[in-house]
1. Can I get the semi-axes of region 88-162's equivalent ellipsoid? Compute them from the C-alpha gyration tensor as square roots of 5 times the eigenvalues, in angstrom, largest first.
2. On a full-extension model of 0.36 nm per residue, what is the gain between N295 and I66, subtracting their alpha-carbon distance, rounded to one decimal in nm?
3. Please compute the net charge surrounding Q98, taking Lys and Arg as +1 and Asp and Glu as -1 over other residues with Cβ under 10 Å from its Cβ.
4. Calculate the radius of gyration of the Cα atoms of region 174-317 to one decimal place, then report Dmax, the largest Cα-Cα distance, as a whole number, both in Å.
5. For region 164-222, what's the radius of gyration and Dmax over Cα atoms, in angstrom?
6. Give me, ordered by chain and number, the residues 5 or more places off F90 or on other chains with an amide H under 5 Å from its own placed amide H.
7. Would you mind calculating the gained length between R212 and L88 on full extension (0.36 nm times residue separation, minus the Cα-Cα distance), in nm to one decimal?
8. Could you tell me what % of all Cα pairs in region 126-190 have separations over 13 Å?
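The values are calculated or read from the model by the stated rules, or taken from the named source; none is laboratory data. Treat the numbers as computed from the prediction; the structure is a model and nothing was measured. Neighbour counts run over all protein chains shown; Cβ positions are idealised from the backbone, glycine included. Calculation scope for accessible area: heavy atoms of the full protein, side chains included, ligands and nucleic acids excluded. Shrake-Rupley method; radii C 1.70, N 1.55, O 1.52, S 1.80 Å.
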Amino acid sequence: MSVIFLVVNLTKFWQVEKYPVSIAVSKTPLSAPFYVATAIKAFDSTCVEVEIKDVIGGGVAFNKVIKGEVDFATSSDSVIAFQSLNRLPFVTHAMFAQSDNDVKLITRSDDNLAGTSSLQGKIIGVTKKTASEYFLSTLLAIDGVNAQDVSLVHYEPAKLVDGLMNNEVDAIVPWEPFAFQSKQIFDKKVTIHDTKNLNTLSFNLVSLVPDRARIEKATCVLQGLNTAINYIASHPDKAKEIINSKLDLSTEFINWIWPDYLFKLELNQSLLLNLNSQTAWLAETHSNIIKQVPNMNQFVDSRAILQVNPSAVNISR
C-alpha cells in the first residue's frame, strides 16, 4: 500500500503544471501550426492547456488580445505595424508562418484591367489596417501609381468578393482562402493577377506586454508550435488533411497555396525591417494623424523563443 502511495505521489510531483490559455486564431491556412498542434496533441506535453478561438482575420484576433478576451492571438505583420501606432501595450513572441503569395489582386475579367498600372482612378476594395491595404500600396508603388489616385472601400474579408461581383468596386485585395474561393465560384469571371514575390506576409504570435507568467505560457505555446512545425515538415500530406478538415477546404485549394508557405519558428531581422517599412509607409500616407513613428523593437519580445530555440533568434537592438 505504501508503495502505491509513493508511486502516485511521485507521478503528481513530476506532472507539469498546466495553465489554461486561450488563443484567438485567424481561420487561414497560415495558422496551420495551431491546427496541427491541436490535432497531434502537441500541447499536451507542455505547461499549457490550450483553447483555440476561431476568428476571421488577424485584426479581429489582435483586438481580442487588446480587450483581454484571450491570452494570445495570431496576427500578420501588417496588423502589428498598424496597431503599433496606437501605442498599445503588446508584443510579438515569434513568427511561425510566411507567404510571398497569400494576398492577391483580383479584378473582373470583362474589365480587361492589365494590372496595377490600370488601377488609376479606380475604386478598390480592401480590408483596412491589415495586410490587404499595405499590399495594395506596395503594388501601386511598384507601378508608379499614386495612392491618392485610387479610392479605397473597406470590407470585412469575407465580403470583398461580393463587393467585386456586385460592381461596387473595380478590384479587390483579399487574402487566402478568399482569393481561391472567388476563382472557384466565379471562374472565368475574375482575373487573379500574378503578384508572387512582391511582398512577404508573416504570421506571428502576439500578446499583451508579458509578465513572468505570460512569458512562461508563451514559451509552452511555442514549444507546441515547434512540435507541430516539425510534424508539418515530416508529414506534409497528413498536415494538409488536418488543415483541410479544420477549414473545410478542398484538396485543390491546399495544393494551390502550399508551395507559397514557409512554416518556421523564428524571430529575425527581416521582421523588424518589414515592420519599420510598413510604419514608415503609414507615416507618409497618414501624416495628418501620425506624429511620430515608434521604435518597433519595443513590440518584439524574444524571451520565450530563446527558451525554445535560441538559434531561431537573429535581431539586432
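1. 25, 14, 14
2. Details: separation 229, 0.36 × 229 = 82.44 nm, distance 1.95 nm.
Here the answer is 80.5 nm.
3. Net charge in that neighbourhood comes out at -4.
4. 18.6, 54
5. 18.9, 54
6. V209
7. Values: separation 124, 0.36 × 124 = 44.64 nm, distance 1.92 nm.
Full extension of this stretch gives 42.7 nm more.
8. Pairs farther apart than 13 Å: 63 percent.
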